[in-house]
Amino acid sequence: MNTKPTSDNASLVLAGADLDLLELALGGAIDNAFSVRDGTRVLTDAENTPLAALTPSGADGVQTATARQQFHVGQSAQWDANLRRPARDVKMCTTGDVLAVAITDFPTISDMKRVQQAIAERPASSVLWLILVGRQSGGIDSGPEGPALVRAATALAPEGSITVIVPWSAGAAPVELTIRDLEPSSSNFIRRVLSGYGADDVLDVASTRPEEDKRLIAELDNAWRHAAGAVYPKESLDELESLRASGAATTDGLVVLLSGLSGSGKSTIAHALSAELPARLGRRSTLLDGDEVRQMLSAGLGFDRESRELNVKRIGYVAGLIASHGGVAVAAPIAPFAGARSYVRAQAEANGRYLLVYVSTPLEVCEARDRKGLYAKARAGEIAEFTGISSPYEVPDDADLTIDTSVTAVDAAVDLIIHAIEMG
Ligand SMILES: Nc1ncnc2c1ncn2[C@@H]1O[C@H](COP(=O)(O)OS(=O)(=O)O)[C@@H](OP(=O)(O)O)[C@H]1O
Ligand SMILES: Nc1ncnc2c1ncn2[C@@H]1O[C@H](COP(=O)(O)OP(=O)(O)O)[C@@H](O)[C@H]1O
């Protein structure tokens with residue numbers, strides 16, 4: 001996590017586990033009282049979008065957050081708005097005694113028996129079937145585990161139970177954002193959070209699993225090795241196993257560059273694409289998102305032509321490295337200049353495949369969205385050299401795809417890109 005002061009107020013940039021904590025707090029699952037370092041007033045995501053405002057700190061350094069706007073949400077199963085509901089809404093739907101079943105891992109046959117038993121012992125209880133999934137480090141919901149767990153657990157929900165997806169702060173402990181008295185790794189964290197959903201009692205299925213089950217699960221990998229050992233010699237088997245463990249397929253590297261005006265939808269599409277790739281093409285990806293890159297890789301660079309060219313070239317260089325090892329890089333800078341884009345193409349094509357997506361959403365639409373309030377500032381002359389207003393955007397003549405998000409929905413945009421990747 002890093003901090004980044006803005007002109008009108010200081011902000012704290014959140015990622016991963018911190019975003020989950022914030023979502024839990026704003027949704028009413030935990031006391032929305034934060035301790036942050038002095039002077040911090042706005043909590044933003046890594047794309048610099050303001051998510052919550054903090055009231056000034058009291059004497060004990062505790063501040064209260066109020067939501068500014070919806071979080072960025074992904075497209076895959078764990079972002080289903082019908083299931084990812086705020087704690088305070090869920091609480092209203094329960095009556096009487098509430099048993100919460102916490103699902104953090106793929107339920108086993110014996111887990112389900114214990115669940116049925118616990119439910120049978122409390123016939124009058126409302127049952128909450130709570131699926132705990134957190135963001136992962138590679139992006140909002142990169143990696144196939146979260147959506148797969150949600151699909152499996154949803155299909156197994158006991159009859160009459162209320163299924164809810166709980167954003168889970170399972171990652172590293174937050175550095176600068178803490179929630180009063182709560183340490184995410186502590187054993188009572190799960191109970192404290194789930195009590196926010198109305199739970200009187202919690203059955204934490206995976207952590208109460210019998211030792212025998214744990215042993216059998218651990219042995220499954222050995223069983224696979226044993227069976228495969230009858231087919232392959234050791235040399236093949238070792239290689240196959242490491243491929244299996246890394247999830248890597250024997251596929252070519254790929255760079256997808258989304259270029260377009262600020263607010264055109266590059267970042268939204270990039271996240272959705274990254275979330276879909278594991279399930280649709282069996283590939284994980286590395287996101288190189290505009291603002292995020294500028295906070296790290298290109299920290300200190302401005303928005304004059306030379307700085308932008310350098311920024312985009314750096315992105316191209318890193319994307320090329322990712323592709324050189326068979327990885328997928330999804331990059332979403334404005335990339336307004338043809339010269340720097342052709343450098344990205346060269347880096348990508350030297351190491352794999354390249355797909356240039358021009359996100360052609362008209363300026364008027366981007367400006368009306370003004371997610372970050374930057375167009376208003378640019379019009380007022382408070383930001384110089386703003387793309388589309390006071391700095392040019394050179395429309396690509398080599399785009400593989402052109403997508404106007406004022407007429408194409410996010411899902412459709414992702415479908416178009418995946419189709420283009422499949423077509424080669
Ligand atoms: N002068 C000016 N012009 C354009 N954009 C500006 C400017 N100042 C700050 N910002 C914010 O920076 C984000 C664009 O950074 P990029 O790295 O994508 O730009 S570039 O490719 O280097 O041109 C862009 O983010 P996105 O909205 O995600 O595109 C803006 O939030
Ligand atoms: N079809 C669409 N595709 C992408 N974004 C859309 C679409 N329709 C509306 N939006 C909204 O437009 C805004 C685009 O912002 P963002 O993805 O950050 O753009 P950029 O990264 O190009 O600056 C978001 O608030 C998003 O919800």
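The values are calculated or read from the model by the stated rules, or taken from the named source; none is laboratory data. The structure presented is a predicted model; accordingly, all values stated were derived computationally and were not measured. Neighbour counts run over all protein chains shown; Cβ positions are idealised from the backbone, glycine included. With ligands, DNA and RNA removed, areas are computed over all heavy atoms of the protein, side chains included. Shrake-Rupley method; radii C 1.70, N 1.55, O 1.52, S 1.80 Å.
One table, with the values for the structure above:
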{"read-out": "Theoretical gain in end-to-end length, Arg379 to Leu240 [0.36 nm per residue, Cα-Cα removed]", "value": "44.3 nm"}
{"read-out": "The stretch 253-423: relative contact order as a whole-number percent, Cα under 8 Å and 6+ apart", "value": "33"}
{"read-out": "Amide H within-cut-off set for Leu51, under 5 Å, with H built and near neighbours excluded", "value": "Leu43, Thr44, Asp45"}
{"read-out": "Kirkwood Rh and Cα Rg combined as Rg over Rh, evaluated for the stretch 11-67", "value": "0.93"}
{"read-out": "For Leu128, residues with placed amide H under 5 Å, excluding near neighbours", "value": "Leu99, Ala100, Val101, Ile162"}
{"read-out": "Summed side-chain charge close to Val205 - residues other than Val205 whose Cβ falls under 9 Å, Lys, Arg +1, Asp, Glu -1", "value": "-1"}
{"read-out": "Ranking by accessible area, most exposed first, for Val62, Val414 with a 1.4 Å probe", "value": "Val62, Val414"}
{"read-out": "DSSP-defined beta bridges in the chain - what % are antiparallel, rounded to 5", "value": "30"}
{"read-out": "Area accessible to solvent at Ser360, 1.4 Å probe radius, in Å²", "value": "30"}
{"read-out": "Proportion of all alpha-carbon pairs of the stretch 253-423 beyond 28 Å (%)", "value": "16"}
{"read-out": "Within the accessible area of the chain (1.4 Å probe), percent carbon and sulfur", "value": "53"}
{"read-out": "Helix 410-423 vs. the chain, principal-axis angle (Cα, 0 to 90°, nearest 10)", "value": "80"}
{"read-out": "In sequence order, calculated HN-Hα J values of the stretch 99-116 (Karplus, 6.51, -1.76, 1.60; Hz; x Gly/Pro)", "value": "9, 9, 9, 9, 10, 10, 8, 4, x, 9, 4, 6, 4, 5, 5, 5, 5, 4"}
{"read-out": "Computed helical MRE - 222 nm, the chain, DSSP H runs ≥ 4 contributing -39500 (n - 2.57), nearest 500", "value": "-12000 deg cm²/dmol"}
{"read-out": "Amide H contacts of Ala329 (H built 1.01 Å from N, under 5 Å, at least 5 apart or other chain)", "value": "Leu254, Val255, Val256, Thr286"}
{"read-out": "Mean separation of Cα contacts under 8 Å, 6 or more apart, over the residue count of the chain: relative contact order %", "value": "16"}
{"read-out": "Area accessible to solvent at Lys113, 1.4 Å probe radius, in Å²", "value": "140"}
{"read-out": "Probe 1.4 Å, protein heavy atoms only - accessible area per residue of the stretch 268-415 in square angstrom", "value": "44"}
{"read-out": "Accessible area of Met296 in the full protein assembly, 1.4 Å probe (Å², nearest 10)", "value": "130"}
{"read-out": "The chain: proportion of alpha-carbon pairs further apart than 30 angstrom, %", "value": "50"}
